[in-house]
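Below is one structure, written out as C-alpha cells, with a few remarks after it.
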Number of protein chains: 2
Amino acid sequence: MVSCSPQWRRPHAAKPDATLGLATMNSTALLTDHYELTMLAAALRDGTGDRPCVFEVFARRLPDGRRYGVVAGVNRLLDAIADFRFGEEEIDQLRRNAVVDDSTLAWLANYRFSGEIDGYPEGELYFPGSPVLTVRASFAEGVVLETLALSILNHDSAIASAAARMVTAANGRRMIEMGSRRTHEEAAVACARAAYLAGFTATSNLEAGRRHGIPTAGTCAHAFTLLHDSEEEAFRSQIEALGVGTTLLVDTYDITEGIKTAVAVAGPDLGAIRIDSGDLGVMARQARDLLDSLGARNTRIVVSSDLDEYAIAALRAEPVDAYGVGTSVVTGSGAPTAGMVYKLVEVDGRHVEKRSTSKQSRGGWKKALRRHKDTGTALEEIVFQASSEPELGQYDRLVQIPLMRAGRLTDEVPTLEQSRERLRAALVSVPWEGLKLSRGEPAIPTTYLES
Amino acid sequence: MVSCSPQWRRPHAAKPDATLGLATMNSTALLTDHYELTMLAAALRDGTGDRPCVFEVFARRLPDGRRYGVVAGVNRLLDAIADFRFGEEEIDQLRRNAVVDDSTLAWLANYRFSGEIDGYPEGELYFPGSPVLTVRASFAEGVVLETLALSILNHDSAIASAAARMVTAANGRRMIEMGSRRTHEEAAVACARAAYLAGFTATSNLEAGRRHGIPTAGTCAHAFTLLHDSEEEAFRSQIEALGVGTTLLVDTYDITEGIKTAVAVAGPDLGAIRIDSGDLGVMARQARDLLDSLGARNTRIVVSSDLDEYAIAALRAEPVDAYGVGTSVVTGSGAPTAGMVYKLVEVDGRHVEKRSTSKQSRGGWKKALRRHKDTGTALEEIVFQASSEPELGQYDRLVQIPLMRAGRLTDEVPTLEQSRERLRAALVSVPWEGLKLSRGEPAIPTTYLES
C-alpha cells in the first residue's frame, strides 16, 4: 500500500505545534521562490538587507491586444501577507534542505511584514506602467514577498480582465461562472471570486460560496438524464426535488423533444431550460418559439458550451437570458496570466533600474493619477515620481489607495462588493473604443512625468 | 478597519471541531460544483442514486494540434478523494445556503468513497478517447467526485503535457521550473510537481520542495544587484554567502562587463552565469567565448526569459547548459487545460451516451490496450468494452492499473519518481513524428473495438 498523502494534503494545516500546544498558522511562507531567500541571506550578511527600499508591481504591457486590465487579488494578497510567517515546520524544511544559513532562519522565524503598501484597489483598471502595487520596506522585508504577490495578482487580474470583457459582451444578461473543472482546484475558487468581482452573477463553485460569500448556482448535468430510464423520469425527479423554478437541461437526446417533455412535466411555470450544445443562436431562437407556443412564455433560456466573449457578443440579438461560462473565463480567454512584475525601483532614496536590452524599467517611487474629461471619460494615466506630485486638476484623481501601514491593514481596503461596484463605474469611464473586443492599443495612454 | 481575512484563509484548516475537540480534516468536499449536489439530492430522493454506475474520464481531442498528452495529477486526486469528507463546517455551509435538503446533508455527512477506480498511472501517455480514469460506484458516490477529478487531472495533465515537450526540446540539458509568479499560488505547487514528473530537474517553488520532495533551486535576481552600490559588490556578497559554485546573474547592466566582473570576483571556478534578456543564442555564444578566454572553462551558462519549447529547441546548437522556464510551462504553453470530461457511461449494466449533436460519447465501461511493434514503438491505442477483453498480443499491454478498491488505495499506485521514469520510457515508445513540436495528428490513432 503506497501512501501518496503528502502529495495533496496542505502540510501547514491543522497540525498541532509541538512546543506550544497550539495549531500552527496557515502559513503562506513557502509559496515563494528559492532565490528570494538566498538573496535575503546574502543581503542580511552584508548589511544591505536593512536598506529602505521601494518595490513596484506593474505590467510592461497588456496581454494579447487588450484595451485595459482589471486589478484583482489585492485583498487575497493582503490576507496572504498576514499569513506570511515562518513557523517551526517551515524553518525545519529550510534547514533540512540547507536553503539558507542559521542566522537567516532566525531572522525568518521572527518575520512579520512591518512596511507600507499602497496600490490600485480591486476593480480598478490598469494600463501599461500603472504602479499597481507599491511596497515600501527594508530590502529584506520586501524582497521575500515578490513571488506571493505576483502569483496572486497575476492570476486574479488575468481572470478578472477576461471576465470583464465577457460581462460587457453580455450587456446586462446574467452570467454564471462554471469553469472549476478546467483549472486547478484552488485556482477555481479564486477564479470564481475574480469573475464575480468583474460582474458575473454567480458561480458553480461551492467553496467560493463559503470562502467569499458569492452566490452559487447549479441544477443538473447530462449524467442525471442518462441515469434515468427516460428523459421524462429525469425531469420529473428533478422537479420534485428542486421545484418548477429549476433549470432543465434539454439537449441530452433531441432538443425539441426535450423542451416539449420539460414543459409537459413542469408546466408553463418552468424556471428555465439550458442548452449546452449545437449552434446556440439557432437553438435559442427555436427554443424560444417553441416555449412560447407551449405557453411557457416566462421560462428563461440559459446557454453554455465553450462560450467566450466573442461567442457571447454574437448571441446578443438572440433570445438568451443567461450565459454559463467555463473554460474561457478560468483560462483568461487566451491570456492566463497578467504578466505583472515586482521590481526594485528605489534603494535608500536612490532610483534604480535595470539597463540592459529590452527589459528596461523606470526607477523611483512612483504614483499615478487618472485624468478625465468633464464628462467623466478617462483621458490618460499619468505616472509621476512620488517626490514631485503634480497639482490635481478638477477631473484628476489619484489611483492608488493606502492598503497597509506599519504592516497593518488600513481602513480603506474595500470589500468585494465595493470592488465590484468600482469596476462597474470604471468601465463606464473607458472611452468607447476601449470597450471593443478586438485587439488594439490600450484604451488610454500612459504618460510619464519627468520630475 | 476592514478585515478581509475570510477571503484568503483556507477555512477548513486548523479549526478545532466543536464537538469532538479534534481538528477537523482538511476537507476537499466543497471544491465541487453546486449541481453535483443538487443532482445527488434528486437521485437520492427517487432511488436512482443507488444504481451502480461507471463514470469515465477522457479527452475528446488533444489541445492545439498536440501529438500526445501526459497523464498527471492522479496521485493528487487519490489524496483529494481521501479528504473528500463533509465535516460540520461543510454541512453548515450547505444548510445555511439551502443547497440541498436535510436528508441529503445527512447522507453527505457519512460520505466516504467506497468504490473502485482504475486509471492511467501518472506519466502515462494518453490520446483522444483514452479512458484515463474509470470510476465504478453508485451514482451518488461517483457523481460528486466529478468536479474535483476534472480540476486536478485537467490542470496537472495540461502542465505535464507542455513540460514534456520542453524536456524533449532540451535534449538532456537541465531544466528549472520557475513559473510560480505566473500562476495561482497553489497551482504553482502543482505545476512544479507536474514539470518535475515530465523531466524537469528542479523548481524554484519552496512549497513544492516541502510537499512533494522536489529539488529546489535559485540564487539571485536583478534586484540583488540593484540593491548594491555596484555589480561587483553584489557579486562579492553573493559569493560570500553562497560560495563560488553559485550562479551570478550578469545582465543587469552590460553583459560583457558583467561576465568580466563575475570571473574577476569569483575566479575561474565560478559555478554558472545566468542570462535573462536579449537574443539568448547570440548572448550564450559570446558568453561562452568570453568565459573560456577568462579561463572559466567549466563555468556553466543558464538562460531564462520567456522560453517555451520552440525557443528551447532553437537554442539546441548553442552553448547553453541549463534552461529556466517560467510562464510557458505554468500556462501549458498555449493549452492551459487538458479538456478532459467525466462522463456517465454505464448505469446498472446498460450503456448510456448523450446523443445530441457534436458532443456524442461512447457508452459502456471501457478499457484500453496499447499495441506496439516488436521494436517497442507504439502503434495504436485500442479501446474496448471491459466485458469483451481481446486477447493480448505479445507487444500489447493494458494501460489502466487498479488505483482504488473498496475506496482504498491499491499497492500499485506508483511514486512520483516511478511516474517520472514511466514517462521517460513512454516517450521513447512514441513514433518519431509524434515527438515533433509542430501541430499535427495524434502520434498514434485510437481504435474502438466494437463488442
Quiz item: Taking the stretch A:260-288, which residues are in a helix (DSSP H, G or I) and hydroxyl-bearing (Ser, Thr, Tyr)?
Solution: A:Thr261
Quiz item: Within the stretch B:161-173, can one find any residue that is away from every other protein chain (no Cβ under 12 Å), closer than 23 Å to A:His34 by Cα, outside any helix (DSSP H, G or I) and in contact with a helix residue (DSSP H, G or I) (Cβ under 7 Å, 6 or more places away or on another chain)?
Solution: no
Exercise. Starting from residues that are assigned to a loop (DSSP other than H, G, I, E, B), without any contact (Cβ under 8 Å) to a residue 24 or more places away in the chain and closer than 24 Å to A:Val341 by Cβ, keep the ones in the stretch B:196-238 and report whichever is farthest from the other protein chains (Cβ to nearest Cβ).
Key: B:Ser230
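Residue-wise test of (1) farther than 14 Å from A:Ala169 by Cβ; (2) of a type in the set (Val, Ile, Thr); (3) away from chain B (no Cβ under 12 Å); (4) over 25 Å from the mean Cα position of the chain (by Cα).
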{"position": "A:Ala284", "(1), (2), (3), (4)": "yes, no, yes, yes"}
{"position": "A:Arg297", "(1), (2), (3), (4)": "yes, no, yes, yes"}
{"position": "A:Gly326", "(1), (2), (3), (4)": "yes, no, no, no"}
{"position": "A:Thr331", "(1), (2), (3), (4)": "yes, yes, no, no"}
{"position": "A:Pro336", "(1), (2), (3), (4)": "yes, no, no, no"}
{"position": "A:Val345", "(1), (2), (3), (4)": "yes, yes, no, yes"}
{"position": "A:Arg350", "(1), (2), (3), (4)": "yes, no, no, yes"}
{"position": "A:Arg362", "(1), (2), (3), (4)": "yes, no, yes, yes"}
{"position": "A:Lys367", "(1), (2), (3), (4)": "yes, no, yes, no"}
Exercise. Specify which of the listed residues (B:Leu125, B:Leu145, B:Leu105) is farther than 26 Å from B:Leu423 by Cα, at pLDDT 95 or above, more than 9 Å from chain A (Cβ to nearest Cβ) and surrounded by 23 or more Cβ atoms within 10 Å (Cβ to Cβ).
Key: B:Leu145
Quiz item: Being in contact with an Asp or Glu (Cβ under 9 Å, 6 or more places away or on another chain) and assigned to a loop (DSSP other than H, G, I, E, B), is that true of even one residue in the stretch B:416-426?
Solution: no
Exercise. Collect the residues in the stretch B:341-357 that are surrounded by 22 or more Cβ atoms within 10 Å (Cβ to Cβ) and either part of a loop (DSSP other than H, G, I, E, B) or among the hydrophobic types (A, V, I, L, M, F, W, C) (or both), keeping them in residue-number order.
Key: B:Leu344, B:Val345, B:Val352
Quiz item: Out of (1) buried (at least 20 other Cβ atoms within 10 Å of the Cβ); (2) facing chain A (nearest Cβ under 8 Å); (3) not polar (S, T, N, Q), the odd one out for B:Leu280 is which?
Solution: (2)
Quiz item: How many residues are more than 30 Å from B:Arg182 (Cα to Cα) and part of a helix (DSSP H, G or I) when one looks only at the stretch B:289-319?
Solution: 5
Quiz prompt | Every residue from the stretch B:63-116 that is among the charged types (D, E, K, R) and within 23 Å of A:Pro215 (Cα to Cα) | solution = B:Arg85, B:Glu88, B:Glu89, B:Glu90, B:Asp92, B:Arg95, B:Arg96, B:Asp101, B:Asp102
Quiz prompt | Counted residues, the stretch B:412-451 - those being under 21 Å from the mean Cα position of the chain (by Cα), more than 20 Å from B:Ala335 (Cα to Cα) and not hydroxyl-bearing (Ser, Thr, Tyr) | solution = 14
Practice problem: Only one of these is surrounded by 18 or more Cβ atoms within 10 Å (Cβ to Cβ) and more than 25 Å from A:Arg51 (Cβ to Cβ): A:Asp118, A:Asp79. Name it. | Solution: A:Asp79
Quiz item: Any residue at all in the stretch B:161-182 that is more than 21 Å from B:Asp308 (Cβ to Cβ) and under 19 Å from the mean Cα position of the chain (by Cα)?
Solution: no
Quiz prompt | Failed condition for A:Ser361, given (1) surrounded by fewer than 18 Cβ atoms within 10 Å (Cβ to Cβ); (2) hydroxyl-bearing (Ser, Thr, Tyr); (3) in contact with a Lys or Arg (Cβ under 9 Å, 6 or more places away or on another chain); (4) under 30 Å from B:Leu227 (Cα atoms) | solution = (1)
Quiz item: Quick one: how many residues across the stretch A:392-414 are in a loop (DSSP other than H, G, I, E, B), within 12 Å of another protein chain (Cβ to nearest Cβ) and loosely packed, with under 15 Cβ neighbours inside 10 Å?
Solution: 2
Self-check item: Close pairs from the stretch B:62-76: first over 30 Å from B:Thr410 (Cβ atoms) and within 14 Å of another protein chain (Cβ to nearest Cβ), partner in a helix (DSSP H, G or I) and not hydrophobic (A, V, I, L, M, F, W, C), Cβ under 7 Å, at least 6 apart
Solution: B:Asp64/B:Gly334
Exercise. Collect the residues in the stretch B:264-277 that are farther than 16 Å from B:Arg297 by Cα and either small (Gly, Ala, Ser) or away from chain A (no Cβ under 13 Å) (or both), keeping them in residue-number order.
Key: B:Ser277
Quiz item: Being part of a loop (DSSP other than H, G, I, E, B) and outside the structural domain of A:Thr134 (by TED's automatic domain parsing), is that true of even one residue in the stretch A:366-373?
Solution: yes
Quiz item: Does A:Val345 count as among the β-branched types (Val, Ile, Thr) and touching a Leu at 6+ places or on another chain (Cβ under 8 Å)?
Solution: no
Quiz item: closer than 30 Å to A:Leu435 by Cβ and either more than 8 Å from every other protein chain (Cβ to nearest Cβ) or modelled with pLDDT under 95 (or both) - does that describe any residue in the stretch A:32-42?
Solution: no
Self-check item: Single residue of the stretch B:415-430 satisfying the filter (loosely packed, with under 15 Cβ neighbours inside 10 Å and within 12 Å of B:Ala378 (Cα to Cα)) that is farthest from the other protein chains (Cβ to nearest Cβ)
Solution: B:Val428
Quiz item: Within the stretch A:431-445, is there a residue that is in a loop (DSSP other than H, G, I, E, B), at pLDDT 95 or above and within 14 Å of chain B (Cβ to nearest Cβ)?
Solution: no
Exercise. Would you check if there is a residue in the stretch A:175-191 being within 13 Å of another protein chain (Cβ to nearest Cβ) and in a strand (DSSP E or B)?
Key: yes
Exercise. Report yes if A:Ala338 is in a helix (DSSP H, G or I) and either modelled with pLDDT of 95 or more or not assigned by TED's automatic domain parsing to the domain that holds A:Pro128 (or both), otherwise no.
Key: no
Quiz item: Where residues in the stretch A:130-150 are among the polar types (S, T, N, Q) and within 19 Å of A:Met39 (Cα to Cα), which of them is nearest to the chain's Cα centre (by Cα)?
Solution: A:Thr147
Practice problem: Would you mention how many residues in the stretch A:43-58 are within 12 Å of chain B (Cβ to nearest Cβ) and closer than 18 Å to B:Arg181 by Cβ? | Solution: 3
Practice problem: Select from the stretch B:148-185 the residues that are among the acidic types (Asp, Glu) and touching a strand residue (DSSP E or B) at 6+ places or on another chain (Cβ under 7 Å) and list them in ascending order. | Solution: B:Glu177
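The values are calculated or read from the model by the stated rules, or taken from the named source; none is laboratory data. Every value quoted in this text rests on a predicted model; they were computed, and no experiment measured them. All Cβ positions, even for glycine, are placed from backbone atoms using ideal geometry, and neighbour counts span all protein chains on display.
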